[in-house]
Amino acid sequence: MTRNRQHAAFLQFISRITDITASLSKDELREYCTLAEEGYPALARVIREYLRVAERSDTSVSSVIPTQAPRSRNISYDNGESRHLFDLLRSKRFFPSNKDLADFAARVLPDMTRNRFEKMSRGDIAARIVEYVETKGPSTKRHLQQAMSVVLDARSKPSDRESFLSTWEAIIKGT
């Protein structure tokens, strides 16, 4: 069965427009309208319509929806503990290409060669590494997550890449 999603693009557009209205106070909209009237009359008409939408939307109901945009999967977290090892391994910051991740996996996984990973996705390679790390115990996983988070937080230079890969390898191998 084919899903009819022809309505989605327009509804996303409406959502973006109403987000502008919801993110500004009516006073701010009035001030922007005043500024636009002299130099940008067409824009002033648009701002007046935003203001009209805002005024017609008054309600006594308090918002239960967060006003902040949802967090992207690819952003870094404030707390290193909240970063999941799987996501860290898939990060293009650490491993810009699948080849880089496959090379690292070949270094840390016992009896595995680079060729085993040639046709695998980043997610599959990262999953293999995580599975192996979990067999080493929770402290190994925690140490690896912390070490990777430190590099992410420090914004290390690419020249440091070999040193932090060696550190991670030592953590995983328990040396």
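The values are calculated or read from the model by the stated rules, or taken from the named source; none is laboratory data. Computed from a prediction, not measured in an experiment: that's the story for all the values here. Quick reminder, even Gly has a Cβ in these numbers, built from the backbone with ideal geometry, and neighbours come from all protein chains shown.
Among the residues making up the range 99-120, those that are more than 16 Å from SER166 (Cα to Cα) and either basic (Lys, Arg) or at pLDDT 85 or above (or both) are LYS99, ARG114, ARG116, LYS119. Annotation note: Cβ proximity below 7 Å between a residue of the range 82-105 that is under 18 Å from VAL133 (Cα atoms) and a residue that is of a type in the set (Ser, Thr, Tyr) and assigned to a helix (DSSP H, G or I) (sequence gap 6+ or interchain) occurs for ARG83/SER149.
Considering only residues in the range 26-84 that are among the basic types (Lys, Arg) and closer than 30 Å to VAL151 by Cα, the one that is modelled with the highest pLDDT turns out to be ARG83.
Restricted to the range 88-99, and to residues there that are surrounded by 14 or more Cβ atoms within 10 Å (Cβ to Cβ) and closer than 15 Å to ASP124 by Cβ, the residue that is nearest to the chain's Cα centre (by Cα) is ARG90.
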